[in-house]
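**Q** Take a look at this one; I'll ask things after.
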Amino acid sequence: MAPALSSGPWSAAALAEALDGRLVGPDPGPLTGLCAPAEAGPQQLSFLANPRYRRQLEGSAAGLVLVRPGTDRKSGSTLEVADPYAAFARALALFHPPAPVQPGLDPRAFIGAGAQVVGCRVEAFAWIGPEAVLGPGCWVEAGAVVGAGARLGADCRLMANSVVAEGCVLGDRVWLNPGAVIGSEGFGFAPTARGHLKIPQTGTVVIEDDVEVGANACVDRPAMGQTRVGRGSKLDNLVQVGHAAEIGPDSLLVAFSGVAGSSRLGRGVVLAARAAVLGHVRLGDGVQVGVGSAVAADQPAGARVTGVPAIDHDRWLRATDALSRLPETQAELRALRRQLAALEARVATLLPAAPEIDPPPEPAPRSPDEP
């Protein structure tokens, strides 16, 4: 799980086979690593994922470039793949394969009574609580804490000073960056006349397989039940997941985003930087929330929302455009009002004065004897 020294060189034919690609152009010879298009040399692999950066490709000296099928290059060879960005990620793993975890318990680490740490690497000053269970291949770095009774699946990595609190559960291949906290106290207080009464947070946190949690991110435990982060989800640095919230599988929560207590996010939800989901809100599968937005109401599957409070993204774009032109719009409105007042005054001078009409005579009173 630790990055090893560069592995290579790789031939274009071997890369084509490993990345399910097709070589177009002459064989560039052995490739020793990856680099950005503008900086790559003849013995390096590069990629073009976004057509907007095509100009970089035209001037690149890279020996081989990952591109979509049909992308022309004025000079040099290309490797056509279905998704250049995904192929770039796979290629990085080929050139920098993870080193296997070397099991071993540093004598300066604390291992509590009844803890199971077979086949794991535990560094100095790490703390493993009583009855904790770590699956094979786990790597607990210096200063990391695994609370009493916590359970970790296979091949988890807890980087320096990360925490898995008492009784929390991690699936396989979960990665906690430095300072990440799983199972911090949920923010639960009952207001009373004598102050805020703490509500004991007795629940737990479940992190499913292949989840990554960024530096200093927190996933809170609830008063009852569990907070859950679904399989394959990725939480960026400084993300907050509140007590009893549920994050669906394959979701992306970008830096400084937050999900308040008891909210539910479906599969593949994306929260851009500083986006917030208020408490007890439901987001359907594939919902995307724009930068700095606050979602205060439930959203259907596939919705794209932005703003405070968040509204349909396209509507928000139109509203933002209208707001940017508000001074000009106000000036036009004032001019139109002046023109209308002038027209009304002119029309008033052109119309003849209305003749005075005598009111109709009042009817004569009836005799009481009349039928």
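The values are calculated or read from the model by the stated rules, or taken from the named source; none is laboratory data. Everything numeric here is computed off the predicted structure, so don't read it as measured data. Quick reminder, even Gly has a Cβ in these numbers, built from the backbone with ideal geometry, and neighbours come from all protein chains shown.
**Q** Looking only at residues that are small (Gly, Ala, Ser) and over 18 Å from residue 229 (Cβ atoms) in the stretch 155-203, which one is nearest to the chain's Cα centre (by Cα)?
**A** 160
**Q** When you go through 173, 108 one by one, which is the residue that is touching a Lys or Arg at 6+ places or on another chain (Cβ under 9 Å), outside any helix (DSSP H, G or I) and of a type in the set (Lys, Arg)?
**A** Exactly one of 173, 108 is touching a Lys or Arg at 6+ places or on another chain (Cβ under 9 Å), outside any helix (DSSP H, G or I) and of a type in the set (Lys, Arg), namely 173.
**Q** What are the pairs, 6+ residues apart or on separate chains, where a residue within the stretch 141-159 that is under 13 Å from residue 208 (Cα atoms) has its Cβ under 6 Å from a residue that is among the β-branched types (Val, Ile, Thr) and in a strand (DSSP E or B)?
**A** If the second residue must be among the β-branched types (Val, Ile, Thr) and in a strand (DSSP E or B), the pairs left are 151/133; 151/169.
**Q** For residue 122, work out the one condition from (1) of a type in the set (Val, Ile, Thr); (2) at pLDDT below 95; (3) assigned by TED's automatic domain parsing to the domain that holds residue 147 it doesn't fulfil.
**A** Here residue 122 meets the rest and fails (2).
**Q** Being acidic (Asp, Glu) and under 22 Å from residue 262 (Cβ atoms) is the filter here, so list the residues in the stretch 168-212 that pass it.
**A** 185, 208
**Q** Which is without any contact (Cβ under 8 Å) to a residue 40 or more places away in the chain, in contact with a Leu (Cβ under 7 Å, 6 or more places away or on another chain) and not polar (S, T, N, Q), of 219, 259, 206?
**A** Testing whether each residue is without any contact (Cβ under 8 Å) to a residue 40 or more places away in the chain, in contact with a Leu (Cβ under 7 Å, 6 or more places away or on another chain) and not polar (S, T, N, Q) leaves just 259.
**Q** Could you tell me which numbered condition residue 165 fails, if it satisfies all but one of (1) under 21 Å from residue 136 (Cβ atoms); (2) buried (at least 21 other Cβ atoms within 10 Å of the Cβ)?
**A** Condition (1) is where residue 165 drops out.
**Q** Something else now. What's the total number of residues in the stretch 116-131 that are touching an Asp or Glu at 6+ places or on another chain (Cβ under 9 Å), crowded, with 21+ Cβ neighbours inside 10 Å and either touching a residue at least 24 places away in the same chain (Cβ under 8 Å) or part of a loop (DSSP other than H, G, I, E, B) (or both)?
**A** 2
**Q** Let me ask you something else. Looking at the stretch 87-115 only, could you name the residues that are of a type in the set (Gly, Ala, Ser), under 19 Å from residue 65 (Cβ atoms) and surrounded by 14 or more Cβ atoms within 10 Å (Cβ to Cβ)?
**A** 87, 91
**Q** Is it true that some residue in the stretch 257-274 is more than 23 Å from residue 216 (Cα to Cα) and either assigned to a loop (DSSP other than H, G, I, E, B) or not basic (Lys, Arg) (or both)?
**A** yes
**Q** Another question, then. For the condition in the same structural domain as residue 149 (by TED's automatic domain parsing) and on the phi > 0 side of the Ramachandran plot, what is the one hit in 114, 76?
**A** So the residue among 114, 76 that is in the same structural domain as residue 149 (by TED's automatic domain parsing) and on the phi > 0 side of the Ramachandran plot is 114.
**Q** Among the residues of the stretch 38-72, how many are surrounded by 17 or more Cβ atoms within 10 Å (Cβ to Cβ) and either modelled with pLDDT under 85 or in a helix (DSSP H, G or I) (or both)?
**A** Number satisfying all stated conditions: 2.
**Q** Return the residues of the stretch 219-254 that are surrounded by fewer than 24 Cβ atoms within 10 Å (Cβ to Cβ) and of a type in the set (S, T, N, Q); say none if nothing qualifies.
**A** 226, 237, 240
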